[in-house]
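> Here's a structure for you.
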Amino acid sequence: MARYVLSLDQGTTSSRAILFDHDGKIVSVAQKEFPQIYPAPGLVEHDPEAIWSTQLSVAQRAVSMVEAKAYDIAAIGITNQRETAIVWDKTTGKPIFNAIVWQSRLTVPICDALTAKGFDKEIRERTGLVTDAYFSGTKVKWILDNVKGAREKAERGELLFGTVDTFLIWRLTKGRSHVTDYSNASRTLLFNIYTKDWDDVILKELNIPRSMLPTVMPSSSIFGESDPEFFGAALPIAGVAGDQQAATFGQACYETGMAKNTYGTGSFLLMNTGEKGIQSEHGLLTTIAWGLGDPKKPEITYALEGSIFVTGAAVQWLRDGLQAITSSIEVESLALSVPDNGGIYMVPAFVGLGAPHWNPRARGAILGITRGTTMGHIARATLEAMCYQTRDVATAMANDSKVEATTLRVDGGASVNNLLMQFQADVLGIPVQRPKIAETTALGAAYLAGLAVNFWKSEKEISSYWALDRTFEPKISEDERESLYAGWKRAVERSLDWVQES
Ligand SMILES: Nc1ncnc2c1ncn2[C@@H]1O[C@H](COP(=O)(O)OP(=O)(O)O)[C@@H](O)[C@H]1O
Ligand SMILES: O=P(O)(O)OC[C@H](O)CO
């Protein structure tokens, strides 16, 4: 009997692989960072070969660490940084350009042109998304328009597009499966979340041939089998979801109104809105959380999402850019070296601002500096900014959904930071609940895969594995909370539209 599910978590800064046992407990973890490519200010790319090689090597390491054999593994689940676009040659399997990362501002001019002609409304109604360079569609258009010979090849059916899940599955199956799931498709800007199909009106507007696009499948289903070369025998790839949706699944947010926030490179607050895709009037996205059941008639669960582009990445900047710390974990003690923020606000709009502002020309700002300012204050302001940005999207979510959250479930790499979690509770004014397993993204993909192969039976069974590590209760007064937040709002105002050229 198989004992484990292998989850591959391909994130923005690192590739991770985790083996989970039947109780949803971690058996082994392997992780590797890979290089970020910054060709110009505001642009972010990855080498798809680095994505593939790090992901494969950590997967093999996680398996060999506990001497697991292929027959010990019931299925593979895949979860991934979303929106990042890869285009490759169908015959050679070689990408024709770097992966254009979700954070990249490369296609701001394309988005401006779409908005100028009023096409943003079509996009909103069909995809639930805003016309922002964040999403894959304009990145694919840019590649076809700018890489020599790409458009002709695409029109001859010789090129394939995929988000990172699709690329990994294509490589794992040695080109036998060109597929994605509903949650990833819903982030491309090319997918109609209501008809549940690629949208011909948008494809025509962006001039993207349908033949490049993967087949869309339920998030918990058999996407293909990994080639025996990789793990000693073929393994079913049985669960796929974008990382934020996978985390929502891993946090067992199965009821309408349940929400989670993940603190990684960016932060993403998602609320399950059930069978209804609620159109946001406050700068959030309507997206697909997951599609389950019969591939011909999938049951779609929708979500409202607040996408914050930079949270943990600002801590990385303290580490790599300012060299104020040598590892991310040190940010907490540095921030604790001062009693409060000393009047400092840091707006980490390094690649513009996402929800709810959608201001691609905003740039980072540190305000309130005096002669008394220390690196401790800047560290504190960096952590606080994660929490204020979360409050911005939580407020928008309450306004859209008419549901006032009573608690917030949290996860992600930075959620280990107790100071951060306490301030989050303080600034939201509600308790923050951190589960025992912070790796809920990988866990969610494992659950989706395990459900497809009957390793787990039901969402109810999975919910029973959710266990609380710690609750952070709000400790500051309403007056203090509102006065701190008012300062944040003034700081954000000053960062907007900083870049004047496109
Ligand atoms: N103790 C910490 N306090 C604050 N931020 C942290 C801490 N540990 C890690 N981080 C940040 O969390 C991010 C890594 O989280 P992770 O969930 O692995 O992200 P991703 O999936 O986006 O690669 C990094 O940006 C890192 O700077
Ligand atoms: O890689 P992460 O965890 O920062 O997640 C990135 C998101 O999927 C972008 O939408």
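The values are calculated or read from the model by the stated rules, or taken from the named source; none is laboratory data. These numbers were taken from a predicted model, which means no experiment stands behind them. Note: ideal-geometry Cβ built from the backbone for every residue, glycine included; neighbour counts use all protein chains shown. Surface areas here come from the heavy atoms of the whole protein model, side chains and all, with no ligands, DNA or RNA. Shrake-Rupley method; radii C 1.70, N 1.55, O 1.52, S 1.80 Å.
> Going by the structure shown, is THR138 under 23 Å from ILE37 (Cβ atoms) and not aliphatic (A, V, I, L, M)? Lay out the reasoning, then the answer.
Working: under 23 Å from ILE37 (Cβ atoms): yes; not aliphatic (A, V, I, L, M): yes.
Here the answer is yes, as THR138 does meet what is asked.
> In the range 419-440, how many residues are open to solvent by 20 Å² or more (accessible area, probe 1.4 Å), touching a residue at least 60 places away in the same chain (Cβ under 8 Å) and β-branched (Val, Ile, Thr)?
To start, the set of residues in the range 419-440 that are open to solvent by 20 Å² or more (accessible area, probe 1.4 Å) comprises 419, 422-423, 428-431, 433-434, 436-439.
After this cut, where a residue has to be touching a residue at least 60 places away in the same chain (Cβ under 8 Å) as well, the list is 419, 437, 439.
Narrowing the set further to residues that are β-branched (Val, Ile, Thr) leaves 437.
The total comes to 1.
> Still on this structure, please answer the following. Could you give every pair whose Cβ atoms fall below 6 Å, whose first residue belongs to the range 183-204 and is under 16 Å from GLY162 (Cβ atoms) and open to solvent by less than 10 Å² (accessible area, probe 1.4 Å), and whose second residue is at pLDDT below 95 and aromatic (Phe, Trp, Tyr), counting only separations of at least 6 or pairs across chains?
Going by the 6 Å Cβ cut-off, there are no qualifying pairs.
> For residues that are more than 16 Å from ligand 2 (Cβ to nearest atom) and either modelled with pLDDT of 95 or more or part of a strand (DSSP E or B) (or both), tally how many sit in the range 94-108. Break it down stepwise before answering.
Of the residues in the range 94-108, the ones more than 16 Å from ligand 2 (Cβ to nearest atom) are 94-98, 108.
Subset that is either modelled with pLDDT of 95 or more or part of a strand (DSSP E or B) (or both): 94-98.
Qualifying residue count, the range 94-108: 5.
> Can you tell me which of (1) assigned to a strand (DSSP E or B); (2) at pLDDT below 95 is the one ALA2 doesn't meet?
Status for ALA2: all satisfied but (1).
> If LEU448 meets every condition in (1) more than 24 Å from GLY343 (Cβ to Cβ); (2) within 16 Å of ligand 1 (Cβ to nearest atom); (3) crowded, with 23+ Cβ neighbours inside 10 Å apart from one, which number is that one?
(2)
> Working only within the range 79-113, note down all residues that are within 18 Å of ASP199 (Cα to Cα) and either of a type outside the set (A, V, I, L, M) or surrounded by fewer than 24 Cβ atoms within 10 Å (Cβ to Cβ) (or both).
Of the residues in the range 79-113, the ones within 18 Å of ASP199 (Cα to Cα) are 83, 85, 111.
If the condition is that a residue be within 18 Å of ASP199 (Cα to Cα) and either of a type outside the set (A, V, I, L, M) or surrounded by fewer than 24 Cβ atoms within 10 Å (Cβ to Cβ) (or both), then GLU83, CYS111 are the ones that fit.
> Still on this structure: Do we have any residue at all in the range 135-143 that's within 26 Å of GLU229 (Cα to Cα) and crowded, with 22+ Cβ neighbours inside 10 Å? Break it down into steps so the answer makes sense when it comes.
Filtering the range 135-143 down to residues within 26 Å of GLU229 (Cα to Cα) leaves none.
The answer is no; no qualifying residue exists.
> Out of THR374, THR390, THR382, I need the residue that is open to solvent by less than 40 Å² (accessible area, probe 1.4 Å) and over 15 Å from LYS489 (Cβ atoms). Which one?
Numbers: THR374 fails: open to solvent by less than 40 Å² (accessible area, probe 1.4 Å); THR390 fails: over 15 Å from LYS489 (Cβ atoms).
None of the others qualify; the one that does is THR382.
> Quick one: which residue in VAL416, VAL410 is buried (at least 20 other Cβ atoms within 10 Å of the Cβ) and within 16 Å of ligand 1 (Cβ to nearest atom)? Talk me through it step by step, then tell me what you get.
Details: VAL416 fails: buried (at least 20 other Cβ atoms within 10 Å of the Cβ).
Checking each option against the conditions leaves just VAL410.
> Restricting attention to the range 152-182, which residues are more than 22 Å from the chain's Cα centre (by Cα), open to solvent by 30 Å² or more (accessible area, probe 1.4 Å) and touching a residue at least 40 places away in the same chain (Cβ under 8 Å)?
Scanning the range 152-182 gives LYS153, GLU155, GLU158, LYS174, GLY175, ARG176.
> Please go through the range 6-38 and pick out each residue that is more than 20 Å from GLN244 (Cβ to Cβ) and buried (at least 22 other Cβ atoms within 10 Å of the Cβ).
LEU6, LEU19
> Looking at (1) open to solvent by 20 Å² or more (accessible area, probe 1.4 Å); (2) not in a helix (DSSP H, G or I), which one does ALA362 not meet, given that it meets all the others?
Of everything listed in (1) open to solvent by 20 Å² or more (accessible area, probe 1.4 Å); (2) not in a helix (DSSP H, G or I), ALA362 misses just condition (1).
> Do we have ASN261 as open to solvent by less than 10 Å² (accessible area, probe 1.4 Å), modelled with pLDDT of 90 or more and more than 16 Å from ligand 2 (Cβ to nearest atom) here? Steps first, please.
Details: open to solvent by less than 10 Å² (accessible area, probe 1.4 Å): yes; modelled with pLDDT of 90 or more: yes; more than 16 Å from ligand 2 (Cβ to nearest atom): no.
Here the answer is no, as ASN261 does not meet what is asked.
> Answer yes or no as to whether LEU284 is modelled with pLDDT of 95 or more and either open to solvent by 10 Å² or more (accessible area, probe 1.4 Å) or more than 12 Å from ligand 1 (Cβ to nearest atom) (or both).
Numbers: modelled with pLDDT of 95 or more: yes; either open to solvent by 10 Å² or more (accessible area, probe 1.4 Å) or more than 12 Å from ligand 1 (Cβ to nearest atom) (or both): yes.
Yes: the conditions hold for LEU284.
> Give the range 10-35 a look and list any residue that's within 16 Å of ligand 1 (Cβ to nearest atom) and touching a residue at least 40 places away in the same chain (Cβ under 8 Å), or say none.
Start the filter on the range 10-35 by keeping residues that are within 16 Å of ligand 1 (Cβ to nearest atom), which leaves 10-18, 26, 29-35.
Selection gives GLN10, GLY11, THR12, THR13, SER14, SER15, ARG16, ALA17, ILE18, ILE26, VAL29.
> Pairs, please: C-beta under 7 Å, at least 6 apart or cross-chain, first residue under 13 Å from ILE462 (Cα atoms) and in contact (Cβ under 8 Å) with a residue 12 or more places away in the chain and in the range 246-258, second aromatic (Phe, Trp, Tyr) and part of a helix (DSSP H, G or I)?
PHE249/TYR447; GLY250/TYR447
> Any idea which residue in the range 205-245 is surrounded by the fewest Cβ atoms within 10 Å (Cβ to Cβ), counting only those that are free of Cβ contacts under 8 Å to residues at least 60 places away in the same chain and acidic (Asp, Glu)?
GLU229
> Here's a follow-up. Among the residues of the range 115-134, what is the count of those that are open to solvent by 20 Å² or more (accessible area, probe 1.4 Å), outside any helix (DSSP H, G or I) and of a type in the set (Gly, Ala, Ser)?
Of the residues in that region, 1 qualify.
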